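Take a look at the structure set out below.
Derivation of every value follows stated rules applied to the coordinates shown; laboratory data play no part. Just so we're clear, the structure is a prediction, and the values are computed from it rather than from any experiment. Reconstructed Cβ throughout: ideal geometry from the backbone, glycine too, with neighbour counts over all protein chains shown.
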Amino acid sequence: MKHATPLLLAGLGLALAAPAAHAQNTALNARIATLAAAEQAKVVAWRRDIHEHPELGNEETRTAQLIAAQLKSLGLEVQTGVARTGVVGILKGGKPGRVVALRADMDGLPLTETTGLAFASTVKTTYLGQPVGVMHACGHDTHVAMLLGAAEVLSQVKKDLPGTVKFIFQPAEEGSLPGVVGGAKLMVQEGVLTNPKVDAIFGLHIEAGTPVGQLTYRPRGEMASSDRFTVKVLGRGAHGAKPWASVDPVVTLAEIITSLQTIVSRQIDLTQDAAVVTVGTVQAGVRYNVIPPDATLSGTIRAFSPKTQEQIWAAIKRTANGIAAANGATAEVTIEPYVPVTYNDPDLTARMLPTLQRTAGVANVVEIKAVTGAEDYAYYQEKVPGLFFFLGGMAPGANPATVADHHTAGFRVDESAFPLGVKTLATLVADYLTGK
Ligand SMILES: [Zn+2]
Ligand SMILES: [Zn+2]
């Protein structure tokens, strides 16, 4: 290129600058990979400790102490008592930049563990008045341990991080007692995404039925919204032998239950979104020959977009009120929104997909179908762009059809899953902050 014009030289300069920046990022990623692998013994130790001492939602005081002590030992700025028992650690990188958050949930479930693991829980408590065991039956112990690992890894490379990392350890993902606001919703209310303001958030959930080494995800609606609804039909009671003297709430409720089945099957565009309307309880009457004055049902609604969610709410009200009116009764419809859609921001997901593919290998990153379960991580994603993905936790060679599922007493995951989880969390932060 003897006769290069100034324009061409300028172009060449740009072309040279890009690989140099990329090489620096690659070096950082390589250091993170080495450090993440070296964390495994500690991550396993934290996980076993937390697993053996599980705590129910909003009661995670021992877990919070362990987390806070570890974050302080790394020199992080630590806030405790966030949303009751939550812990937030702030790591300032060596250069100015954006703010990225990583989230782990901390709570166990009221179940008596039957795994037979050496570090199985023997903790007992009472839940809603009943004696129960307590168990990490959803893997939140592993989430805490892996996020502590990622915090230590990122602390070791902090001088090369342009920006700030917020480590969010959240209580009560599985839900709080009736009438109590907790978990992600309360953390957001208490300002966890502000001061400094979070630009993006990442989180993972371990999966008992997905092989170790895999990461799975879905852009846009990944996990469903979850709302509870009740319909109370107010009629008029009468002797069971004189139904003409009644406004029968039992027959009216039965009609409503049948008609609710047509909301998803006839009214929702199922090529766009799956949805679920399930009636789970029906209550009416106390005696076989008495028509009661009222009857009540309750159920759950699952949707993958706010639009579908609102369409279902409107359809339930219309159906219940219309059928009640046709029978001369009235209906009281209550809809209690519980968790919004776990919605992976499409731009952020597309931007970070190469990071997932680099950490796990392209073949090990799998796009999945929507999951009708719900996850309160959705509350963060309502406020800031977020990506939530799943980490394979099934032992090599196991059969996904027969492994013990989440929320069962035999639930277990393979600890060889952890290095990929730690590496992926830390690499997402590094790549997001360095703009890769
Ligand atoms: Zn769970
Ligand atoms: Zn969970």
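For the peptides 142-149, 268-275, 129-136, the ranking by mean Cβ contacts within 10 Å, running from highest to lowest, is 142-149, 129-136, 268-275. Computed per residue of the chain from DSSP H runs no shorter than four, each worth -39500 (n - 2.57), the mean residue ellipticity at 222 nm is -12000 deg cm²/dmol. Centroid-to-centroid, using Cα positions, the stretch 278-322 and the stretch 62-139 are 36 Å apart.
Let a ≥ b ≥ c be the square roots of the eigenvalues of the Cα gyration tensor of the stretch 337-436; is it rounded (a/c under 1.5), or, if not, prolate (a/b larger than b/c) or oblate? Oblate.
The packing ranking of peptides 425-431, 284-290, highest mean first, is 425-431, 284-290, where packing means the average number of other beta carbon atoms within 10 angstrom of each residue.
In the chain, taking the dipole from charged Cβ atoms about the Cα centre, the farthest positive-side position among H407, V87, T230 is held by V87.
Assign one of three labels to the stretch 110-205, namely rounded, prolate or oblate, based on the Cα gyration tensor with a ≥ b ≥ c the square roots of its eigenvalues; rounded applies when a/c is under 1.5, prolate when it is not and a/b is larger than b/c, and oblate otherwise. Cα axes put the stretch 110-205 in the oblate bin. Here the residues L76, L234, L253, ranked from fewest to most Cβ neighbours within 10 Å of their Cβ, fall in the order L234, L76, L253. Bridge orientation summary for the chain: considering DSSP beta bridges with both residues in this region, about 65 percent are antiparallel.
The lysines within cross-link reach of K72, meaning a Cα-to-Cα straight distance under 25 Å and a gap of 8 or more places when in the same chain, are K42, K92, K95, K158, K159, K166, K197, K423. Peptide packing: for 102-108, 314-320, 348-354, the average count of neighbouring Cβ atoms within 10 Å per residue gives the ranking 102-108, 314-320, 348-354, highest mean first.
Remark: spin-label model distance D347-R220 equals 1.7 nm, labels positioned 7 Å along the Cα→Cβ axis. Look at the alpha carbon pairs under 8 Å that are at least 6 residues apart: their mean separation over the length of the chain gives a relative contact order of 22 percent. Sorting R266, R48 by the number of Cβ atoms found within 10 Å of their own Cβ, with the fewest placed first, yields R266, R48. Separation of the stretch 353-370 from the stretch 190-241 is 23 Å, based on Cα centroids.
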